[in-house]
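The values are calculated or read from the model by the stated rules, or taken from the named source; none is laboratory data. Nothing here was measured: the structure is a model prediction, and the numbers come from that model. All Cβ positions, glycine included, derive from the backbone under ideal geometry; neighbour counts span all protein chains shown.
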Amino acid sequence: MYQKGELSAMLAPNDLIAALERAAEAFSPGTAMLCGTLPAIGGVRPSRAFEMTLTDPVFKRSIGHRYEIVTLPVRG
């Protein structure tokens, strides 16, 4: 298990935008925001693959995804 939590534990996009504006940064048209995530259980760590499942406890359905990571050589 890498992460576990409810969607309600995440900050709402409007709250994130308000925090950005309080920091005197502009959120103008064309700006992109990469939102946060739930804390990683045991901290962030590397892996060769990632598999996840999102579960809806109300409708008792889920969706999953898996991908593998290929690390490219550093060329300098």
How many of the residues making up the range 38-66 are of a type in the set (Val, Ile, Thr), loosely packed, with under 10 Cβ neighbours inside 10 Å and assigned to a loop (DSSP other than H, G, I, E, B)?
2
Restricting to the range 32-67, what's the tally of residues that are at pLDDT 90 or above, polar (S, T, N, Q) and closer than 13 Å to LYS4 by Cα?
2
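When you check ARG22 against the structure, is it without any contact (Cβ under 8 Å) to a residue 12 or more places away in the chain and of a type in the set (D, E, K, R), yes or no? First the steps, then the outcome.
Details: without any contact (Cβ under 8 Å) to a residue 12 or more places away in the chain: yes; of a type in the set (D, E, K, R): yes.
Criteria met by ARG22.
Restricting attention to the range 4-36, which residues are in a loop (DSSP other than H, G, I, E, B) and surrounded by 11 or more Cβ atoms within 10 Å (Cβ to Cβ)? Quick ask: steps written out before the conclusion?
Of the residues in the range 4-36, the ones in a loop (DSSP other than H, G, I, E, B) are 4-6, 10-12, 23-36.
Answer for the range 4-36, where residues must be in a loop (DSSP other than H, G, I, E, B) and surrounded by 11 or more Cβ atoms within 10 Å (Cβ to Cβ): GLY5, MET10, LEU11, GLU25, PHE27.
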